[in-house]
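The values are calculated or read from the model by the stated rules, or taken from the named source; none is laboratory data. Treat the numbers as computed from the prediction; the structure is a model and nothing was measured. As a convention, Cβ positions derive from the backbone with ideal geometry for all residues, glycine included, and neighbour counts pool all protein chains shown. Keep in mind that these areas ignore ligands, DNA and RNA; they rest on the heavy atoms of the full protein, side chains included. Shrake-Rupley method; radii C 1.70, N 1.55, O 1.52, S 1.80 Å.
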Amino acid sequence: MGKKAAEALDINYDELAEYLHCNHSVYMKLGSAIYYLTDVNYEAWRAQDTSRRNEKDHFVDCSELVPTVDEFLSLPWINGETIKDVFDHATFYASIKGEKD
């Protein structure tokens, strides 16, 4: 995991899948919650709750693992809603590699 950038990304929903393919992760702020959207060794996608950490000091998963970005973006893991459903209320931030949040 990287550190959340200070400046928000200027990105629309149609650009999000390509951004994730290229960068492998992004932070999503929704209300007071911050989620880390990331791949798992290029094999699966998941969302993690940044307010909770496990025994390895990693963020705790809060979505299912799915094999593709498209499946991930259509997964209803946010109180029954998808990323597309909440996109207009969310702010996205780059994950700065090499720096731990």
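Miscellaneous remarks
- Spacing of the modelled spin labels on K56 and C22, each 7 Å from Cα toward Cβ, amounts to 2.9 nm.
- Dipole moment magnitude, nearest 20 debye, the chain about Cα centre, only Lys, Arg, Asp, Glu C-beta charged: 480 debye
- As a length-normalised measure over Cα pairs under 8 Å and 6 or more apart, the relative contact order of the chain settles at 39 percent.
- Once all protein chains are placed together, H89 keeps about 140 Å² accessible to a 1.4 angstrom probe.
- Choice from D49, D14, D39 with maximal GNM fluctuation in the chain (Cα, 10 Å cutoff): D14
- Scattering curve values for the chain, log₁₀ I(q)/I(0), Debye with Cα scatterers, q = 0.12, 0.22 Å⁻¹: -0.33, -1.29
- Choice from A17, A33, A44 showing the highest fluctuation, given a GNM over the chain with Cα pairs closer than 10 Å: A33
- Top positive-direction residue, dipole computed over the chain with Cβ charges, set T68, T82, L30: L30
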